[in-house]
Each structure stands twice: as C-alpha cells, then as structure tokens.
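Inspection log for the structure reproduced underneath, given as structure tokens.
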Amino acid sequence: MDELFDRGVVQFNRVIQDGARVRAHAKAVSFQRRDRLTRLLTKASEQIERLKPKLYSDPAATHRRQQAAQERAARERCARLPWALASLCEFDKVSKKKGSAAKHVRGCA
C-alpha cells in the first residue's frame with residue numbers, strides 16, 4: 001500500500017479499520033519513513049475534521065445509511081437466491097441420474 005500511495009496509484013480518501021491483528025516482521029527501513037507517516041496522519045486528521053460536521057448536523061444519517069445497507073444486502077441476497085436454487089436443482093437432477101442417494105430438493109421439479 002505504501003508504494004502504491006507513493007506512486008499516486010491509490011489515494012486515501014477513506015480510512016477504515018477492520019480490527020484484524022496481523023503479526024508482521026518489519027524491517028528497520030519501515031520505521032524510517034517518518035515524513036510519509038506524518039503526511040498520512042495529517043490527511044486522516046483532515047478527513048476526520050471534514051466528517052465531524054456531517055455527523056453532528058444530521059445524527060440520524062448513520063442510522064439511515066445502516067438501514068439502507070441492510071436493505072441493499074437483503075435485495076442482493078434475494079437476487080442471488082433464485083440462481084442458487086436453480087443450481088441446487090440442477091445438482092439434484094444430476095445426482096438422481098447418477099443414482100446417488102442425495103435428498104430431493106424442495107421446490108425443484
């Protein structure tokens with residue numbers, strides 16, 4: 001990521017932390033990039049300052065975004081389920097042809 005950022009391939013428009021811990025063995029040169037880390041810290045701080053007014057101006061916005069994300073996930077899941085059911089039905093048909101003792105899938109002809 002550092003190299004991509006330095007070359008301008010990626011930009012840090014949004015910072016997200018997932019909380020995953022990763023054990024890494026860093027070389028000493030990794031700790032000598034103080035100026036780059038300082039720039040990144042400055043950009044992250046600026047982003048936080050830009051987001052604060054949005055948070056305080058509309059406290060319900062976070063709830064609406066979460067609700068919209070949940071609805072979108074449900075729609076996407078519903079869009080995938082017919083395909084999954086069709087695939088399962090196809091698997092059931094193939095299993096029957098081969099004579100395996102697979103259970104018949106409910107909803108398949």
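The values are calculated or read from the model by the stated rules, or taken from the named source; none is laboratory data. Because the structure is a prediction, the values reported are computed rather than measured. Quick reminder, even Gly has a Cβ in these numbers, built from the backbone with ideal geometry, and neighbours come from all protein chains shown. Ligands, DNA and RNA are excluded from the accessible area calculation, which covers all protein heavy atoms including side chains. Shrake-Rupley method; radii C 1.70, N 1.55, O 1.52, S 1.80 Å.
Condition check ((1) out of contact with any helix residue (DSSP H, G or I) (no Cβ under 8 Å at 6 or more places or on another chain); (2) at pLDDT 70 or above; (3) among the basic types (Lys, Arg)) across all residues:
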| position | (1), (2), (3) |
| --- | --- |
| Asp6 | no, yes, no |
| Ser30 | yes, no, no |
| Ile48 | yes, yes, no |
| Ala60 | yes, yes, no |
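Considering only residues in segment 36-95 that are of a type outside the set (Gly, Ala, Ser) and not in a helix (DSSP H, G or I), the one that is least open to solvent (accessible area, probe 1.4 Å) turns out to be Asp58. Go over the candidates Lys54, Lys98 one by one and state the one that is at pLDDT below 85 and within 30 Å of Asp6 (Cβ to Cβ). Of the residues listed, the single one that is at pLDDT below 85 and within 30 Å of Asp6 (Cβ to Cβ) is Lys54.
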